[in-house]
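The structure appears right after this line, and notes come after that.
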Amino acid sequence: MTLPENTAADRTFQVDLRGLVDLLSHHLYSSPRVYLRELLQNAVDALTARHALEPAAPADAFGIRLYADGAVVRVEDDGVGLTEADVHTFLATIGRSSKRAEKIAEQRGDFIGQFGIGLLSCFLVADEIHVLSRSARTPDAPAVEWRGRGDGSYTVHVLPASARPRPGTTVTLTPRADAGEWTRPAQVHALARHFGSLLRHPVTFDDGTGGPGAPVNPEAAPWARTYPTPGARSRALAAYGEEVFGFRPLDTIELDLPAVGLKGIACVLPETVPAGRSHGHRVHVKGMLLSEQAEEILPEWAFFVRCVVDAESLRPTASRESLYEDDTLAAVRDALAERLRAWIARAAASDPDLLNRFLQAHHLAVKSLAVHDDEILRMLLPWLPFETTDGHTTLDEFARTHRTVLVTSSVEEFRQVAAIASAAGLGVVNGGYTYDRELVHRLPEIRSEVTVADLDPATLTAHLDPVDRETELAAAAYLAQARDALAVFDCDVALRTFQPASAPALLVDSREARHERTRSQLAREQEGGLWGDILGALRQEAPRAQLILNQLNPLVRTAVAIDEPELARTSAEALYGQAALLSRRPLRPAESSLINRSFLDLLAHALRKDS
């Protein structure tokens with residue numbers, strides 16, 4: 001028969017099941033081990049549906065039994081079971097789940113799985129899946145047998161009810177030879193414990209040796225148990241956190257969000273978290289382990305805790321190994337963040353020792369929080385440690401000594417001036433670390449009697465004592481030669497007296513000044529070109545660096561008396577190089593060359609003098 005013109009026939013997609021399984025194994029699931037989680041999940045959802053049919057049944061009336069002896073892996077449940085129609089509809093149609101049926105659509109929130117592809121994960125370890133099921137919806141329902149194979153074929157047989165005396169479902173796998181790593185009895189038991197330790201239905205494991213079945217989840221979650229005293233509860237939660245994460249928590253924070261059915265604990269890390277290292281959180285959904293690396297459950301600043309939680313209303317992604325980013329997850333993240341803020345506030349108000357130990361380990365996390373949280377800022381800013389000219393101390397202690405607090409814009413600027421500023425009685429805070437400068441500038445909001453200002457070269461040099469006129473005149477020739485020698489670095493030279501006397505020179509040079517000089521130099525080199533015109537339009541009067549020689553230092557007093565021009569230039573270059581090294585800022589190639597050359601010239605001069 002010929003189709004009429006401009007008509008098309010509907011066709012059905014052909015599914016390459018082996019290709020789909022390969023896609024699942026390499027892109028959807030992180031490891032073949034998830035096959036057991038998917039089987040457990042299907043069993044739990046079947047039990048949930050069974051309890052909906054028989055709400056008066058005790059909570060432990062129905063359970064899950066695992067069996068693995070090395071030859072087969074079997075998962076049996078007392079759940080709602082499947083009819084023959086269910087088998088044809090749901091097991092033979094990829095992507096369709098019985099949880100999608102309209103008759104239980106209103107109960108979707110009661111089920112872990114939502115995507116209907118979990119059974120395919122069994123093909124990661126076996127070539128055939130055998131399902132034997134009997135529905136609990138009708139008392140005299142027959143048993144139904146379904147065999148699905150990795151090549152995409154399947155068979156269905158209706159069996160007498162005696163083939164499965166009780167309602168429920170049994171899934172049996174015959175593992176492939178290359179899947180032994182995931183299907184050995186000990187491994188199956190370990191995976192069951194890993195994924196199902198917090199499941200609310202009883203789960204047992206049998207290794208085929210004839211002994212009694214071992215309980216997989218013998219106890220409820222620790223936060224769901226009752227304890228004789230609050231102290232016993234705290235100790236039990238801390239012990240559970242240590243068992244899960246491998247460290248003894250500095251403290252444990254109970255988490256309880258009834259609106260989404262979330263319970264759990266946050267364990268405060270006892271040590272500083274290295275920069276760049278992120279710690280994921282252990283998230284269960286309805287008791288089933290979803291992920292051990294769920295970073296999205298908390299905001300980024302909360303890297304001082306690791307959480308283990310069990311939630312009812314969070315949505316898993318298709319792989320069920322992470323959380324779906326939606327409004328519910330965002331609200332949970334905000335609520336958990338508020339619980340952590342409350343814990344910090346409680347420690348600040350009632351447990352100074354705990355707060356001190358916490359801040360010693362996690363001051364960076366608290367600083368990042370204080371930048372955006374005014375309440376935490378008011379509570380904790382005075383107690384946060386900073387690097388200052390008085391050493392590492394809190395702002396509260398520092399402000400008692402220095403009513404005017406100066407703050408540098410970079411670490412290298414602080415290192416340039418720290419010793420000199422301390423000797424001059426100036427209170428300087430290193431503002432070069434993340435968040436520090438911004439937070440120090442907010443100190444007057446907490447301590448109104450304190451003034452905060454940025455440290456600039458003029459502030460520092462104003463506190464250095466000038467030399468007398470006769471000394472200045474005597475050193476004039478040397479200073480002129482030194483300025484000429486250092487002109488290539490846009491550096492002026494001055495003579496002052498300051499403490500400590502052991503410091504021969506101080507190089508005062510800000511990062512902004514160096515950047516401006518670099519831009520000016522590039523503009524000169526590119527003069528006439530488009531890039532040169534752009535840099536020229538940005539150019540400002542380039543500030544100069546300043547090498548301040550210390551008249552109190554014996555070496556400087558000797559140097560300014562040198563009457564040999566070449567030796568004077570070399571000594572000035574050596575003093576500049578030494579001051580640049582002490583500043584700990586990155587050296588330019590010309591500065592590195594100058595340091596090497598001046599050292600060799602001074603060595604040659606000393607050798608000539610000796611000979």
Pairs needed: first member in region 124-136, more than 12 Å from GLY150 (Cα to Cα) and touching a residue at least 12 places away in the same chain (Cβ under 8 Å); second member anywhere, aromatic (Phe, Trp, Tyr) and crowded, with 20+ Cβ neighbours inside 10 Å; C-beta distance under 6 Å; at least 6 residues apart or different chains. VAL131/TRP146
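Could you list all residues from region 471-480 that are open to solvent by less than 50 Å² (accessible area, probe 1.4 Å) and under 13 Å from LEU547 (Cα atoms)? Steps first, please.
Step one: filter region 471-480 for residues open to solvent by less than 50 Å² (accessible area, probe 1.4 Å), giving 471, 475-476, 478-479.
Once the filter is applied, which keeps residues that are open to solvent by less than 50 Å² (accessible area, probe 1.4 Å) and under 13 Å from LEU547 (Cα atoms), region 471-480 yields only LEU479.
Going by the conditions given, is ARG193 within 18 Å of GLY70 (Cβ to Cβ) and open to solvent by 20 Å² or more (accessible area, probe 1.4 Å)?
Details: within 18 Å of GLY70 (Cβ to Cβ): no; open to solvent by 20 Å² or more (accessible area, probe 1.4 Å): yes.
Here the answer is no, as ARG193 does not meet what is asked.
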Pairs needed: first member in region 216-231, under 11 Å from SER197 (Cβ atoms); second member anywhere, surrounded by fewer than 19 Cβ atoms within 10 Å (Cβ to Cβ) and β-branched (Val, Ile, Thr); C-beta distance under 7 Å; at least 6 residues apart or different chains. VAL216/THR204
Test ALA302 against the stated conditions and say whether it is open to solvent by 30 Å² or more (accessible area, probe 1.4 Å) and touching a residue at least 60 places away in the same chain (Cβ under 8 Å). no
Confirm whether LEU547 is in contact with a Leu (Cβ under 8 Å, 6 or more places away or on another chain), surrounded by 19 or more Cβ atoms within 10 Å (Cβ to Cβ) and under 16 Å from ALA487 (Cβ atoms). yes
Could you list all residues from region 495-507 that are open to solvent by less than 10 Å² (accessible area, probe 1.4 Å) and out of contact with any Leu (no Cβ under 6 Å at 6 or more places or on another chain)? LEU506
Residue hits (region 55-76; open to solvent by less than 70 Å² (accessible area, probe 1.4 Å) and assigned to a loop (DSSP other than H, G, I, E, B)) are ALA57, ALA61, PHE62, GLY63, ASP69, GLY70, ALA71, VAL72
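Results for (1) modelled with pLDDT of 95 or more; (2) basic (Lys, Arg); (3) open to solvent by less than 50 Å² (accessible area, probe 1.4 Å); (4) closer than 27 Å to LEU262 by Cβ, shown as yes or no for each residue.
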{"site": "GLY148", "(1), (2), (3), (4)": "no, no, yes, no"}
{"site": "SER153", "(1), (2), (3), (4)": "no, no, yes, no"}
{"site": "ALA161", "(1), (2), (3), (4)": "no, no, yes, no"}
{"site": "PRO165", "(1), (2), (3), (4)": "no, no, no, no"}
{"site": "ARG176", "(1), (2), (3), (4)": "no, yes, no, no"}
{"site": "GLU181", "(1), (2), (3), (4)": "no, no, no, no"}
{"site": "ALA214", "(1), (2), (3), (4)": "no, no, yes, no"}
{"site": "ALA221", "(1), (2), (3), (4)": "no, no, yes, yes"}
Can you give me the number of residues within region 144-172 that are over 18 Å from ASP77 (Cα atoms), polar (S, T, N, Q) and more than 50 Å from the chain's Cα centre (by Cα)? 0
Pairs please, first residue from region 47-76 and under 16 Å from LEU191 (Cβ atoms), second anywhere and among the hydroxyl-bearing types (Ser, Thr, Tyr), Cβ atoms under 6 Å, 6+ apart in sequence or on different chains. ARG65/THR204; VAL72/THR172; VAL72/THR174; VAL73/THR183; ARG74/TYR67; ARG74/THR172
Restricting to region 319-339, and then to whatever is of a type in the set (A, V, I, L, M, F, W, C) and surrounded by 14 or more Cβ atoms within 10 Å (Cβ to Cβ), can you tell me which residue is modelled with the lowest pLDDT? LEU323
Failed item in (1) of a type in the set (D, E, K, R); (2) over 15 Å from ASP86 (Cβ atoms); (3) in a strand (DSSP E or B), with ASP178 passing the rest: (3)
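Right, ILE112: crowded, with 20+ Cβ neighbours inside 10 Å and at pLDDT below 90 or not?
Values: crowded, with 20+ Cβ neighbours inside 10 Å: yes; at pLDDT below 90: yes.
Taking the combined requirement at face value, the residue satisfies it.
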Out of ILE297, ILE344, sole residue that is under 17 Å from ALA266 (Cβ atoms), in contact with a Cys (Cβ under 9 Å, 6 or more places away or on another chain), open to solvent by less than 50 Å² (accessible area, probe 1.4 Å) and modelled with pLDDT of 85 or more: ILE297
With the requirement that a residue be within 15 Å of the chain's Cα centre (by Cα) and part of a strand (DSSP E or B), what does region 292-320 give you? VAL305, ARG306, CYS307
Look at ALA365 and say whether it is within 13 Å of the chain's Cα centre (by Cα), closer than 26 Å to ASP436 by Cβ, part of a helix (DSSP H, G or I) and not hydroxyl-bearing (Ser, Thr, Tyr). yes
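Looking at region 398-408, which of its residues are surrounded by fewer than 17 Cβ atoms within 10 Å (Cβ to Cβ) and touching an Asp or Glu at 6+ places or on another chain (Cβ under 8 Å)? Steps first, answer last, please.
Within region 398-408, the first condition is being surrounded by fewer than 17 Cβ atoms within 10 Å (Cβ to Cβ), and the residues that meet it are 400-401, 403-404.
Residues satisfying the conditions are THR401, ARG403.
Quick grid of which residues meet (1) open to solvent by 70 Å² or more (accessible area, probe 1.4 Å); (2) closer than 24 Å to SER291 by Cβ; (3) out of contact with any Cys (no Cβ under 6 Å at 6 or more places or on another chain); (4) outside any strand (DSSP E or B):
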residue: LEU198; (1), (2), (3), (4): no, yes, yes, yes
residue: GLY208; (1), (2), (3), (4): no, no, yes, yes
residue: PRO228; (1), (2), (3), (4): yes, no, yes, yes
residue: LEU255; (1), (2), (3), (4): no, yes, yes, no
residue: ALA266; (1), (2), (3), (4): no, yes, no, no
Got a number for residues in region 446-488 being part of a loop (DSSP other than H, G, I, E, B), under 30 Å from SER598 (Cα atoms) and touching a residue at least 24 places away in the same chain (Cβ under 8 Å)? 5
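The values are calculated or read from the model by the stated rules, or taken from the named source; none is laboratory data. In this text, all values refer to a predicted model and were calculated from it rather than measured experimentally. Because the Cβ atoms are built from the backbone with ideal geometry, glycine has one as well, and the counts that use them run over all protein chains shown. Note: areas computed on protein heavy atoms with side chains; ligands, DNA, RNA excluded. Shrake-Rupley method; radii C 1.70, N 1.55, O 1.52, S 1.80 Å.
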